[in-house]
Amino acid sequence: MNLHVLAFIIAILPVALSPGASFTLAINNTLVAGARGLAAIILGTALGIYTHALLIGLGISALLVRSPIIFNLLSVAGAAYLLWLGIQLLRRGRHISQPVASYRSARMGIKDAWLANVLNPKAVMLYLTVVSQFAGRDHALLHYLLLASIHVAIMALWLVIICFTLLTSVRVINIRKLSIAINIGGGLILVFFAISNLVQLFMTLKGFSS
């Protein structure tokens with residue numbers, strides 16, 4: 001194998017550790033459902049990462065990017081989904097008036113995390129332009145799956161560290177106030193991501209039309 005594993009780890013670390021949709025969902029889900037809620041987000045995100053590895057390994061991602069209409073539709077769908085998730089978190093934060101145990105049903109699931117990852121056009125471009133640089137000369141599907149596994153391991157370890165630190169702090173912080181702050185803060189972050197993606201898409205389309 002002619003993989004560049006060490007270089008890939010160095011390149012993917014800033015991406016895996018930076019706050020994004022999965023990070024936000026993991027924080028909120030951990031507060032709502034504890035370790036079980038965190039596991040759902042990690043599993044959903046992992047499935048999303050492997051989906052991107054499969055898509056690029058099979059050449060489908062390249063086809064999506066070559067079709068501006070399809071890629072733009074993907075961008076709009078991704079932004080709309082992030083906006084929907086953000087609004088759900090904002091609504092949850094506004095209506096918390098009882099202990100966390102009573103609104104466990106409001107937690108996000110595996111499908112939510114998977115969709116947030118798969119519908120993210122930046123993730124498509126990440127695997128197409130960055131990850132592909134470390135997959136070796138033959139760009140074998142197995143290589144992409146191995147790199148995705150490294151990505152998943154880094155992401156999962158980081159989220160476990162962050163979220164279990166959060167669970168520890170819950171013992172000394174007012175749980176209701178922390179729930180409100182994290183839900184509203186997380187919702188605002190997702191709404192910001194959604195709007196910024198739409199603005200970026202609008203500017204790109206405007207540049208093409210001018």
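The values are calculated or read from the model by the stated rules, or taken from the named source; none is laboratory data. Here the structure is a predicted model, which means the values were calculated and not measured. Virtual Cβ from ideal backbone geometry, glycine too; neighbours counted across all protein chains shown. Calculation scope for accessible area: heavy atoms of the full protein, side chains included, ligands and nucleic acids excluded. Shrake-Rupley method; radii C 1.70, N 1.55, O 1.52, S 1.80 Å.
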- Item | Residue-normalised accessible area of segment 34-96, given per residue in Å² at a 1.4 Å probe | 48 Å²
- For segment 153-161, Karplus couplings with θ = phi - 60° (6.51, -1.76, 1.60), whole Hz, Gly/Pro x: 4, 5, 4, 5, 4, 5, 5, 4, 4
- Ignoring ligands, DNA and RNA, what percent of the accessible area of segment 5-206 is carbon or sulfur (1.4 Å)? 73 percent
- Note on the structure: What one gets for segment 5-206 as the Kirkwood radius, inverse of mean 1/r over different Cα pairs in Å, is 17.6 Å
- May I ask you to derive the FRET efficiency for residue 67 and residue 162 from their Cβ-Cβ distance with R0 = 45 Å, giving the value to the nearest 0.05? 0.75
